[in-house]
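One structure, as structure tokens, below. Some questions next.
What follows is calculated from the coordinates using simple rules that are stated; it is not laboratory data. Quick caveat: nothing in here was measured; it's all calculated off a predicted structure. Neighbour counts are summed over all protein chains in view; Cβ atoms, including those assigned to glycine, are modelled from backbone coordinates with ideal geometry.
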Amino acid sequence: MLPPFLYFLLLSRQIILSIPFILVGSPLFFSVFLSLVFVSLRVEAVLFAEPLVFLVDERHPGLEGGPPPFLIGNGIIEDPFGLLEQRPHAIGEMAPALGLRLVGYARRIRVEKSVMRALRVYADTSVFGGVFDAEFALSSRAFFEQVRQGRFQLISSALVRDELREAPKKVRDLFGRMVDWMEISEIGEDGVDLQIAYLAAGIVGEGSMADALHVAMATVLDCRMIVSWNFRHIVHFEKIPLYNAVNTTHGYAEIAIHAPQEVVAYEEEGL
């Protein structure tokens with residue numbers, strides 16, 4: 001950051017150089033001059049992490065040729081070079097010549113551009129098999145295609161991998177082709193503990209332990225949702241709130257549970 005005396009020199013230089021334009025009495029020439037000064041010093045903007053911004057009331061909508069380039073957005077003047085840092089009221093002196101009225105000033109809030117992350121989605125074994133089932137093929141294929149497109153981040157587990165060992169070759173091959181787009185996790189103690197909690201709560205019986213483990217793994221792996229074609233033990237309107245009640249009791253977030261057809265986007269929707 002530049003020393004205060006350099007700010008003073010730069011500001012004084014601008015004021016002195018602007019006197020001829022003020023004497024001429026032309027707001028247009030004055031605004032052009034200020035624009036050139038701000039542009040010429042823009043290289044120094046990197047030195048000021050939190051510049052001041054000045055809020056103005058645009059009573060007179062722009063001068064001939066439009067507002068100066070340092071008027072950004074609606075009613076905001078930025079001082080990216082810190083020249084007015086010590087004399088924020090100076091912009092109030094300049095504002096009338098620009099057809100503006102000073103309202104106030106504040107620090108600019110720096111906002112990082114957010115990057116939309118793909119949803120973490122756990123797909124159980126039935127979704128892989130659904131690709132080759134006439135009843136479920138359309139939505140299952142659309143789901144995996146949208147995984148490849150980046151809409152979903154596919155999460156799987158060793159349970160899916162083990163269950164597919166007895167599946168037809170074409171289903172196993174599909175799983176193999178999706179490895180590059182898939183995160184596969186081993187079954188850990190946390191997942192087993194949550195599975196046992198589901199069983200203890202009576203959500204499913206011992207004959208459906210694998211189904212409970214799918215939901216548990218999706219939960220402990222911090223997935224936003226699990227997709228499945230299992231409408232009896234997983235995607236069931238009575239069981240979904242019970243799974244989530246156990247999740248919250250054990251300190252986990254709730255998880256959305258859907259069939260693939262409920263989450264994929266179709267071509268007529270513009271995707």
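Show the residues, 5+ positions off or on another chain, whose built amide H is closer than 5 Å to the amide H of GLN153.
Here the answer is LEU119, ARG120, VAL121, since their amide H atoms fall under 5 Å of that of GLN153.
Go ahead and run the numbers for FRET between ILE196 and ALA118, Cβ-Cβ distance against an R0 of 35 Å, rounding to 0.05.
On the way: r = 31 Å, r/R0 = 0.88.
The calculated FRET efficiency here is 0.70.
Express in nm, to one decimal, how much length is gained between ASP162 and ASP222 on full extension, taking 0.36 nm for each residue of separation and deducting their alpha carbon distance. Display every interim value, and only then the final one.
On the way: separation 60, 0.36 × 60 = 21.60 nm, distance 2.13 nm.
Gain on extension, ASP162 to ASP222, equals 19.5 nm.
Could you tally the net charge around LEU221, taking each other residue with its Cβ under 10 Å from the Cβ of LEU221, Lys/Arg +1 and Asp/Glu -1?
Net of charged neighbours comes to -2.
Determine the dipole magnitude for the stretch 114-255: charges of +1 sit on the beta-carbon of Lys and Arg, -1 on that of Asp and Glu, nothing else is charged, the reference point is the Cα centre, and the result goes in debye to the nearest 20.
Values: 14 positive and 19 negative charges, 123 e Å.
Around 580 debye, computed over the stretch 114-255.
Kindly state, to the nearest 0.05, the FRET efficiency for GLN261 paired with GLU183, given R0 = 25 Å and r defined as their beta-carbon distance. Intermediate values should be presented prior to the final figure.
Numbers: r = 23 Å, r/R0 = 0.93.
About 0.60, to the nearest 0.05.
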